[in-house]
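As structure tokens, the structure follows; a few thoughts come after it.
The values are calculated or read from the model by the stated rules, or taken from the named source; none is laboratory data. The shown structure was predicted, so the numbers you read here are calculated from the model rather than taken from an experiment. Ideal geometry is used to build each Cβ from the backbone, glycine not excepted, and the neighbour counts take in all protein chains shown.
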Amino acid sequence: MSLQDNAAQYPTNKHQQAPVGGFIIDGQGREVPITEEMIKQACDALEEGRQRASQQT
């Protein structure tokens, strides 16, 4: 299966972002496309954790 095939399975609309090229597996074993928003949230969480850790030392 190609990335194009995967993208066809997850059409975009106003409320859903296009996948950025990867998938995660959820608790039910389903592939969930990784979106740019998911990456931004993860980066924000990492930055908050880094800032808290630097304040504690």
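Observations on the model:
- Qualifying positions in the range 1-32 - modelled with pLDDT under 80 and aromatic (F, W, Y): Y10
- Pairs are defined by a Cβ separation below 8 Å, a sequence spacing of at least 6 or placement on different chains, a first member in the range 40-51 that is farther than 20 Å from Q17 by Cβ, and a second member that is exposed (fewer than 10 other Cβ atoms within 10 Å of the Cβ); no pair meets this definition.
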